[in-house]
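Could you have a look at this structure, given as structure tokens, before my questions?
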Amino acid sequence: MVYKENVLKERELDTDKKKVLLAIFLNILIVFLQILFGFIANSISLITDAIHNFQDVIGLVITLLAIVIMSKKPSFEMTFGFLKAESMAAFLNSLTLIFTLTFILHQSILRLVNPEEVKGLYVIIFGFLGFLINLFSALILKNHHHHGHEEDHEDINIKSAYLHLLSDAFLSLSVVIGGIFIYLFNIYLIDPLLSIAFSLYIIKETVPVLKGSYRILIEGTPYNIDLKHLIDNIKRHVPEIVEIHDIHLWSLSSKDIYFSTHIVIKDISKSMDVLEKLENLLKEYNIGHSTIQIETTDKKCDIVH
């Protein structure tokens, strides 16, 4: 039975990889075409959309990386596996993206001051192609089937990638609308205005990713957990704990949160009950890995869990 479940899981992971690889290939294709014809059409908004689609490629690569990590087991050399690879890729991608978009913003502002002719037909065609590919890629990932009662790590990653691609499809659609105005009415200012709007939006969405990935790399506390609030909750809901100290809270990926601490209790016979209460409380904060050392008030007994 266990063997059968493992085979099914391997097949599911292999299917996920194929879906994500197809989405990566399609997005690389549209990035290449949009940059090429963005220069031909002299459209900075089409180039900005290409850069945003390139961000999708990196995001999909990170998703693929997470799926591959699911199939790799920790070793004696890499006891945590390769969990931080996700954050390293996200940090480098976000940092590069912000620098690139700052340059695009500068060019867009110059284009506002000195408008240039834009070939609207190319903007319409390749903006619409970007819309179709993003929408198709999103639908591919949407067809991912969830197994069991809870979403797996790869399910969450794929859902995130699906929502990102879906939102990008509508950004590409706005490029098409801008292209229509340029083609019909020769309103060339729409092109840099769209580029500025897209750049500011992408930067706004990228900064939290940059900060979050940096925090993971330096093993800071996760942004979504207030450690003081967690400690107060532990004291409130687990009254058997007399003292809590040597507290550490960190994450190795966007989903793997670790917690370690020393707790002092009066009655060592209640240690298992205390551990169960504490672990259930930590699960409410999505903390799935905990190391808790129990000490008695006379410091004579230690239990490591």
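Given the residues HIS153, HIS149, HIS144, which is the only one that is modelled with pLDDT under 85 and over 25 Å from LEU64 (Cβ atoms)?
Criteria check complete, one pass: HIS149.
Still on this structure, I have one more. Name the single residue that is surrounded by the fewest Cβ atoms within 10 Å (Cβ to Cβ) among those in the stretch 226-277 being over 27 Å from the mean Cα position of the chain (by Cα) and basic (Lys, Arg).
Restricting to residues being over 27 Å from the mean Cα position of the chain (by Cα) and basic (Lys, Arg), the top hit is ARG236.
Report the residue count in the stretch 89-131 for those that are out of contact with any helix residue (DSSP H, G or I) (no Cβ under 8 Å at 6 or more places or on another chain) and under 26 Å from PHE25 (Cα atoms).
3
Let me ask something else about it. Select, from LEU227, LEU210, LEU217, the only residue that is in contact with a strand residue (DSSP E or B) (Cβ under 9 Å, 6 or more places away or on another chain) and under 22 Å from SER87 (Cβ atoms).
Matching residue, one of LEU227, LEU210, LEU217: LEU227.
Consider LEU275 carefully, then state whether it is in contact with a Leu (Cβ under 9 Å, 6 or more places away or on another chain) and either assigned to a loop (DSSP other than H, G, I, E, B) or of a type outside the set (Gly, Ala, Ser) (or both).
No.
Which ones in the stretch 27-48 are among the β-branched types (Val, Ile, Thr) and open to solvent by 10 Å² or more (accessible area, probe 1.4 Å)?
Scanning the stretch 27-48 gives ILE28, VAL31, ILE35, ILE40, ILE44, ILE47.
Starting from the stretch 166-194, keep only residues that are within 10 Å of VAL123 (Cα to Cα), then list their pairs with residues that are of a type in the set (Ser, Thr, Tyr) and in a helix (DSSP H, G or I) whose Cβ atoms are within a distance under 7 Å, requiring at least 6 positions of separation or different chains.
Close Cβ pairs (under 7 Å, with a partner that is of a type in the set (Ser, Thr, Tyr) and in a helix (DSSP H, G or I)) amount to VAL175/SER45; GLY178/SER45; ASP191/SER45.
Surrounded by fewer than 16 Cβ atoms within 10 Å (Cβ to Cβ) and under 21 Å from the mean Cα position of the chain (by Cα): which single residue out of PHE99, PHE103 fits that description?
Every option except PHE99 fails the conditions.
Check ILE24, ILE51 and return the single one that is more than 26 Å from VAL118 (Cβ to Cβ) and buried (at least 18 other Cβ atoms within 10 Å of the Cβ).
ILE24
Okay, next question. Anything in the stretch 256-272 that is more than 26 Å from GLY220 (Cβ to Cβ) and not in a strand (DSSP E or B)? List them, or say none.
Within the stretch 256-272, LYS266, ASP267, ILE268, SER269, LYS270, SER271, MET272 meet the criteria.
I need the full set of residues from the stretch 54-90 which are at pLDDT 80 or above, open to solvent by 50 Å² or more (accessible area, probe 1.4 Å) and not aliphatic (A, V, I, L, M), in order please.
Answer for the stretch 54-90, where residues must be at pLDDT 80 or above, open to solvent by 50 Å² or more (accessible area, probe 1.4 Å) and not aliphatic (A, V, I, L, M): PHE54, LYS84.
Can you confirm whether ILE51 is modelled with pLDDT of 90 or more, β-branched (Val, Ile, Thr) and part of a helix (DSSP H, G or I)?
no
Quick one: GLY179 ticks every box in (1) surrounded by fewer than 18 Cβ atoms within 10 Å (Cβ to Cβ); (2) at pLDDT 90 or above bar one, so which box is it?
(1)
If TYR223 satisfies every condition in (1) over 19 Å from the mean Cα position of the chain (by Cα); (2) within 16 Å of PHE259 (Cα to Cα); (3) open to solvent by 70 Å² or more (accessible area, probe 1.4 Å) but one, which is the exception?
(1)
The values are calculated or read from the model by the stated rules, or taken from the named source; none is laboratory data. Predicted model, so just to flag it, every value in this text is computed and none were measured. FYI the Cβ positions are ideal-geometry reconstructions off the backbone, even for glycines, and counts take in every protein chain you see. SASA here: full protein model, heavy atoms, side chains in, ligands and nucleic acids out. Shrake-Rupley method; radii C 1.70, N 1.55, O 1.52, S 1.80 Å.
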